Amino acid sequence: MTRLGKVLQFRISLRHIAPEIWRRIQMPATKTFWDLHIALQDSMGWQDKHMHVFRLPAAHPGHFTEVGLPGDEGLWEAEAVLPGWNINLSQHFHTSGAKAIYEYDFGDGWEHEIELEAVLPREKGAKYPVCLDGERACPPEDCGGPPGFADMLEVLKNPHSREAREVTSWLGRTFDPAEFSPSSVRFTNPKKKLDLLTRED
């Protein structure tokens, strides 16, 4: 069955974090993994400052195909990282329940589980991608991965402590871990970002 005119609905959950931080987004099935990368960054609240990779389960258990930026070294030592802008989403996400792992920032190791919840008809006049739902704020960049984020939240429980004031000063803002609204998500143009990336190369 063709995927033209279809929309993929994803649930994206940040792993190794409790309470759960998650998002639900929709985007056309004709888009690429690069487009999903940018949509995921925008909906989660990351700033696209670090390397990333998608790990797609391969035919053999325990093996993965890696999709991302060629030249980035994923942790699974795949033969090569396939360029995300050349791989259509529907090549992997064509049946509800299909999953992938997305890792962002290999130093902090932010792993996201991506699950295809549904393949839906595209709504006339609708703008995609769109963020439908989600819960809790994205961790700040460079906070040390899940362990560092947990330590940061513990410090912020006492907002008048010296440590909490130092964290707030480092962030340059107050941080409410429960704060998230789908209506606040603004999606950026993946083509412009790709053009900028290729010019830098």
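The values are calculated or read from the model by the stated rules, or taken from the named source; none is laboratory data. Note that the structure is predicted; figures quoted are calculated from it, not measured. Positions of Cβ are backbone-derived with ideal geometry, glycine not excepted, and every protein chain shown enters the neighbour counts. The protein model used for the area step is the full one, side chains on, heavy atoms only, and it has no ligands, DNA or RNA in it. Shrake-Rupley method; radii C 1.70, N 1.55, O 1.52, S 1.80 Å.
Local charge for Thr168 was computed over the other residues whose Cβ lies under 14 Å away, with Lys and Arg +1 and Asp and Glu -1, and equals +1. Each Cα pair under 8 Å and six or more residues apart adds its separation to the average, and for the chain the resulting relative contact order is 26 percent.
Computed 3J(HN,Hα) for segment 27-32, one whole-Hz value per residue from the Karplus formula 6.51 cos²θ - 1.76 cosθ + 1.60 where θ = phi - 60°, is 7, x, 5, 7, 6, 9, glycine and proline marked x.
Considering only protein heavy atoms and a probe of 1.4 Å, how much of the accessible area of the chain is carbon and sulfur, as a whole percent? C and S atoms contribute 51 percent here.
State the extension gain, in nm to one decimal, for the chain segment bounded by Arg122 and His94, taking 0.36 nm per residue of separation less the distance between their alpha-carbons. Contour length minus Cα-Cα distance gives 8.6 nm. Solvent exposure of the chain, expressed per residue, is 55 Å² of accessible area, with all protein chains present and a 1.4 angstrom probe.
The packing ranking of peptides 119-128, 96-105, highest mean first, is 96-105, 119-128, where packing means the average number of other beta carbon atoms within 10 angstrom of each residue.
Within the straight-line cut-off of under 16 Å between alpha carbons, the lysines reachable from Lys49 are Lys192, Lys193, sequence neighbours fewer than 8 places apart in one chain being disregarded.
Here the label points at Asp48 and Ala150, each 7 Å from Cα along the C-beta direction, are separated by 3.2 nm in the simple model.
Using θ = phi - 60° in the Karplus curve 6.51 cos²θ - 1.76 cosθ + 1.60, the 3J(HN,Hα) couplings for segment 177-189 round to x, 8, 7, 6, 9, x, 5, 7, 6, 10, 8, 9, 8 Hz; x is entered for Gly and Pro. Note on Ser183 and Lys157: the extension gain reaches 6.6 nm, defined as 0.36 nm multiplied by sequence separation minus the Cα-Cα distance.
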